[in-house]
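Novice: Below you will find the structure I want to go over with you.
The values are calculated or read from the model by the stated rules, or taken from the named source; none is laboratory data. None of the values given here were measured: they were computed from a predicted structure. Cβ placement follows ideal geometry from the backbone for every residue including glycine, while neighbour counts extend to all protein chains displayed. Side chains are part of the model used for accessible areas, which takes the heavy atoms of the whole protein and leaves out ligands, DNA and RNA. Shrake-Rupley method; radii C 1.70, N 1.55, O 1.52, S 1.80 Å.
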Amino acid sequence: MSERVLLPQGSQGGLLEASVGKSLSRRSAVLALWQASVGQRETWRYVLGVGILWMLWGMVVMPSSISFNPSKTYQAILVLLMYLPALCLAFAQRGRLWRELWSLPQFRVFLALLAWATLSLVWAHLRRPGDELGRLLSVMTFILAWQLWDADGEDYVGMLLFIGGMGVAACAAFYCLLFAFHPDTSDRIAGEGIIATTNYAAALMGAVAIWMTQLRLRTRRMALLRWGSIVLLLTFVALTQTRGVWLALGVCLALAPLWHGIGWKPWAMAMAVMLLATAIALPMHLLTERGMSWRPELFMQSMHQIYSHPWLGQGQGAPIALLVGGVAYTHTHNLLTQVTMELGIPGLLLTVMMWLMVGWQGWRHRDSMRGRILLGLWLYASIVLQLDMPQLLDSPRPGWILIWLPFSLAIALGIRERAGRLALDITVETR
């Protein structure tokens, strides 16, 4: 009788062990696949990091066309290292990244700006509107690539910005040496390729100097390298004689105590010493001989064209010609007027709204490394973009570092903040 009872139980036990073994094997297989996918994502993540570095370094080393547009080689490498990986990974895990981004108000404003710019192609009357669509897509993919790289931990961001800044500083040193032995006829230094103009080169070098000052570095050797690179970058900026960048750097230095939480007295003394040294060493004719560089005249010309198309604008990427001083300028040298000319008042409102949200995000997170970098770049760009580099939705240029890098940092901070709130809510519910 007992055998009749034990036999079925023994067979059921065997079936149970077999089923448990199968479930464990399935779990191990799923775990192995998950680990493999995570490993693949990490590999592609580093590919994106290389792509972001190439986006930065390529601006200072690669040749460009006569209009300072990126070369085809530069763009092709970006397609392989950043654009395609970012688009593919953004749709992984059932589009998890898109869902996280959609929850952020500043990202929805950005999407509205992209949608309006795309719609404006209807009345822009361009020969090749596909080129403008590609530029809009490139801006989107850079933002996606940054979020995929900046998924967790500050080490990733700090490492990338440190390596990128060191590379740009090395190029600045090379251009300074080249300028010393072969000075330009204008006595103003410039780079090559996309930064072959003094204003673009100065703006890029100044932005890199801003973020290098805010990095958290673990060793004294890295700190020495950081300050050495800052000296090289600022030397390059000084040789450009670009007054707008000088002004922006001075304002950032003066207002830095606001987000560093230290007293005004030491900073006021440092500013006084710096201004006194500058006044003694700097020939005043460098500040006065070029006058206002036609900026008031360009503003008045742009306002006349805005008045003729106030609401719709001329369309994204529409060719612009401003005749000032016998020269035809292709942009207004001011971000706000350029955006209004191309995208009308709706584009202007969306741009200002987005930019104010970026600044507010930096101020709210000024106690973190990302927040300080964001706030410094935001303040610096807010000044520089009113004097030059007004291209908002364009192919990779130094303006990307001034506009879309701060925006990407703000988005990353928003994602982290939302994830922290969700984790806190879950913790409270479990208690």
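Novice: Using a 1.4 angstrom probe on heavy atoms only, work out the carbon and sulfur share of the accessible area of the range 291-336 in %.
Specialist: Within the range 291-336, the accessible surface is 70 percent carbon and sulfur.
Novice: What's the carbon and sulfur percent of the range 74-122's accessible surface, probe 1.4 angstrom, rounded to a whole number?
Specialist: Carbon and sulfur atoms account for 72 percent of the accessible area of the range 74-122.
Novice: For the range 295-337 and the range 74-114, what is the centre-to-centre distance using only Cα atoms, to the nearest Å?
Specialist: The distance from the Cα centre of the range 295-337 to that of the range 74-114 comes to 31 Å.
Novice: Turning to a different aspect of this structure: I need the peptides 71-77, 374-380 ranked by packing, meaning the mean over residues of other C-beta atoms within 10 angstrom, with the highest value on top.
Specialist: Answer by packing, highest mean first, reads 374-380, 71-77.
Novice: Fully extended, how many nm does the chain gain between A254 and R94 (0.36 nm per residue separation, minus their Cα-Cα distance)?
Specialist: Working it through step by step, the gained length comes to 53.0 nm.
Novice: Calculate the spin-label point distance for R221 paired with E42, positioning each point 7 Å from the Cα along the beta-carbon direction, and give it in nanometres.
Specialist: 2.4 nm
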